[in-house]
Amino acid sequence: MGRRGEGQHSCQRCQSTGDDVEQRGRAVPLGWLCDKDWADAVRIAVAADGSTGWPEEDPDDLTFHEPQPCPDCGAPLTYFITNYGRRIALEADEVPAKTIPSRYQWRLLPTTARNSRYVIRLTAVHFGGIEPLPDTLVRPAHAAVCPAPTARDQVDDERVRDLARARRRLAHPEQDAAG
Ligand SMILES: [Zn+2]
Ligand SMILES: [Zn+2]
């Protein structure tokens, strides 16, 4: 039986104190979670942000990868590691948040070496529920600007979804008095 020291962290979801409980999040702390609950959190994040896994079996390889062509339009893509350890292709230029649906809004968070301003890595962080102001500059996921028809259709769907969400929020303060 392994001894648990004082201050052993337990999983925020299941209260487990196993050896697999770790502080999660590559750049922004996401809390202490066991492997299973972390896998669940990653699944939920991926559904919301459209990130994907790495093609090779080495998620800890932090070197920048050669650009790869978009499978839909052929444009060379630059991938970044997300805060959840997945990857996402981001465009080179920032745009105002209001110009793209929330699903595609990212920022790059630099991690600097200790006592230095030398950036040792960049992590892609999805805005998610944070909702930037309309003129805040965001890095769009490539999918937001990909000219392929499937990508355009999804962007249209996301615009509709954002509008519905905004309307729901406006309507929320007043209780729905039907009648
Ligand atoms: Zn757990
Ligand atoms: Zn594309």
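The values are calculated or read from the model by the stated rules, or taken from the named source; none is laboratory data. Bear in mind that the values here come from a model prediction, so they are computed numbers and not experimental data. Reconstructed Cβ throughout: ideal geometry from the backbone, glycine too, with neighbour counts over all protein chains shown.
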| said: I need the full set of residues from the stretch 113-135 which are farther than 15 Å from ASN83 by Cβ and either among the aromatic types (Phe, Trp, Tyr) or in a strand (DSSP E or B) (or both), in order please. | reply: TYR118, VAL119, ILE120
| Within the group ARG103, ARG165, which residue is within 30 Å of GLU22 (Cα to Cα) and charged (D, E, K, R)? | ARG103
| said: Return the residues of the stretch 94-112 that are assigned to a strand (DSSP E or B) and either among the basic types (Lys, Arg) or touching a helix residue (DSSP H, G or I) at 6+ places or on another chain (Cβ under 7 Å) (or both); say none if nothing qualifies. | reply: GLN105, ARG107
| Pair list, Cβ < 6 Å and 6+ apart or interchain, from the stretch 27-56 residues that are modelled with pLDDT of 95 or more to residues that are of a type in the set (Asp, Glu) and surrounded by fewer than 16 Cβ atoms within 10 Å (Cβ to Cβ) | CYS34/ASP20; ASP35/ASP20
| Which one is farthest from ALA97 (Cα to Cα) among residues in the stretch 133-150 that are at pLDDT 95 or above and either within 16 Å of ligand 1 (Cβ to nearest atom) or of a type in the set (A, V, I, L, M) (or both)? | ALA148
| query | Quick one: is THR99 β-branched (Val, Ile, Thr) and modelled with pLDDT under 95? | reply | no
| said: Would you confirm whether or not the stretch 85-104 contains a residue that is of a type in the set (Ser, Thr, Tyr), more than 15 Å from ligand 2 (Cβ to nearest atom), touching a residue at least 12 places away in the same chain (Cβ under 8 Å) and farther than 19 Å from ASP157 by Cβ? | reply: no
| request: Spot the failing condition for VAL138; the list is (1) surrounded by 11 or more Cβ atoms within 10 Å (Cβ to Cβ); (2) in a helix (DSSP H, G or I), and only one is missed. | output: (2)
| query | Picking from THR150, THR123, which residue would you name as being out of contact with any helix residue (DSSP H, G or I) (no Cβ under 8 Å at 6 or more places or on another chain) and within 16 Å of ligand 2 (Cβ to nearest atom)? | reply | THR150
| remark: All conditions in (1) within 29 Å of ALA27 (Cα to Cα); (2) surrounded by fewer than 15 Cβ atoms within 10 Å (Cβ to Cβ) are true of TYR84 except (2)
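Would you mind stating whether ARG152 is in a helix (DSSP H, G or I) and either under 13 Å from the mean Cα position of the chain (by Cα) or surrounded by fewer than 16 Cβ atoms within 10 Å (Cβ to Cβ) (or both)?
So ARG152 fits the description; yes.
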| task | Could you please tell me which pairs satisfy a Cβ distance under 7 Å, a separation of 6+ or placement on different chains, a first residue in the stretch 155-179 that is surrounded by 10 or more Cβ atoms within 10 Å (Cβ to Cβ), and a second residue that is modelled with pLDDT of 90 or more? | result | VAL155/PRO101; VAL155/ALA144; GLU158/PRO101; GLU158/ARG103; ARG159/PRO101; ASP162/PRO101; ASP162/SER102
| Which of (1) within 16 Å of ligand 1 (Cβ to nearest atom); (2) more than 20 Å from the chain's Cα centre (by Cα); (3) surrounded by fewer than 19 Cβ atoms within 10 Å (Cβ to Cβ); (4) modelled with pLDDT of 95 or more is the odd one out, the single condition ARG4 does not satisfy? | (4)
